Every structure is written in structure tokens, then in C-alpha cells.
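Below you'll find the structure, written out as C-alpha cells, and then a few comments.
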Amino acid sequence: QVQLVESGGGLVQAGGSLSLSCATSGSFFRANNLGWYRQAPGKQRELVAVITGTGITNYADSVKGRFTISRDNVKNTVSLQMNSLKPEDTGVYYCNGFKYGINYWGKGTLVTVSS
């Protein structure tokens, strides 16, 4: 069974930092894209950042320069370092893996940024 399990969410003040981590099922996604999405209250889920199997990254314009996505293909994890957090970064953050045309999702972790 393919699993993605997020950790690291919480409450932080604006300007602060948080690090999210996602443990994936063994080497299932080793050659494939892994990413982070978020969903704010009352809004649609949106892409935050994605990293390919070879380490190429792409970010939403709203987080460029503040967030960094990385992956460890030995530990089978993907991480998101979030700096200079803003209240508008608040939401549930979901880990995503994409393989064979199928999106796999974690259950999400809540990030709350207070002003």
C-alpha cells in the first residue's frame, strides 16, 4: 500500500519558520515527482512546490525565495523548509507523489501563521 505521511506542522508567528517532512513508501517514488500542496480555508488546493526524481524544483510564485523543497532518495522523504512565513501561508499542507498518471496524497498537516 502506497503511503505518504506528513509531519512538522504547527503554529508559528509571522516571520517565523517551519519545516515539514513527508515519509513515502519505500522507493516507490524514487524516480518520480514529489510535491507539496496546500489548501487554505474556503479555497482550492494549490501547488506549493514540486521536485522531480533528478532534483529539479519548481515553486509557486507566492513562495519563491521563502520556501525550499528537497528530497532524500535514501531515506525516501521529501521536505519543505518554510521561512519568512506569512498569515496567508496558513492552511493544510499535503504531500503528493505522482506516478503512472496517479496522484497519491498524504492526510495533511496543519500550518497556522499568526499575525
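The values are calculated or read from the model by the stated rules, or taken from the named source; none is laboratory data. In this text the structure is predicted, and so the values were computed from the model without any measurement. In this analysis, Cβ positions are derived from the backbone assuming ideal geometry, glycine residues included, and neighbour counts consider all displayed protein chains. To get the accessible areas, we keep the full protein, side chains included, count just its heavy atoms, and leave off ligands, DNA and RNA. Shrake-Rupley method; radii C 1.70, N 1.55, O 1.52, S 1.80 Å.
Here are the numbers for this structure:
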quantity	calculated
Evaluation of SER62 against (1) among the hydroxyl-bearing types (Ser, Thr, Tyr); (2) touching a helix residue (DSSP H, G or I) at 6+ places or on another chain (Cβ under 9 Å); (3) open to solvent by 70 Å² or more (accessible area, probe 1.4 Å) (one fails), failing number	(3)
Members of the range 81-92 that are open to solvent by 30 Å² or more (accessible area, probe 1.4 Å) and either within 14 Å of LEU18 (Cα to Cα) or of a type in the set (S, T, N, Q) (or both)	GLN81, ASN83, SER84, LYS86, PRO87, THR90, VAL92
Options VAL78, VAL5; residue that is open to solvent by 60 Å² or more (accessible area, probe 1.4 Å), among the aliphatic types (A, V, I, L, M) and on the phi < 0 side of the Ramachandran plot	VAL5
Scope the range 49-59; condition over 14 Å from SER21 (Cβ atoms), open to solvent by less than 60 Å² (accessible area, probe 1.4 Å) and not polar (S, T, N, Q); matching residues	VAL50, GLY53, GLY55, TYR59
Any hit, the range 33-53, residues being out of contact with any strand residue (DSSP E or B) (no Cβ under 8 Å at 6 or more places or on another chain) and without any contact (Cβ under 8 Å) to a residue 24 or more places away in the chain	yes
Complete set of residues in the range 1-17 that are touching a Leu at 6+ places or on another chain (Cβ under 8 Å), of a type in the set (S, T, N, Q) and assigned to a loop (DSSP other than H, G, I, E, B)	SER17
Looking only at the range 12-28, and only at residues there that are of a type outside the set (Gly, Ala, Ser) and more than 22 Å from ALA60 (Cα to Cα), the one that is surrounded by the fewest Cβ atoms within 10 Å (Cβ to Cβ)	PHE28
Count of the range 93-107 residues which are touching a residue at least 24 places away in the same chain (Cβ under 8 Å) and surrounded by fewer than 18 Cβ atoms within 10 Å (Cβ to Cβ)	4
The one condition in (1) in contact with a Lys or Arg (Cβ under 9 Å, 6 or more places away or on another chain); (2) polar (S, T, N, Q); (3) more than 21 Å from GLN3 (Cα to Cα) that THR77 fails to fulfil	(3)
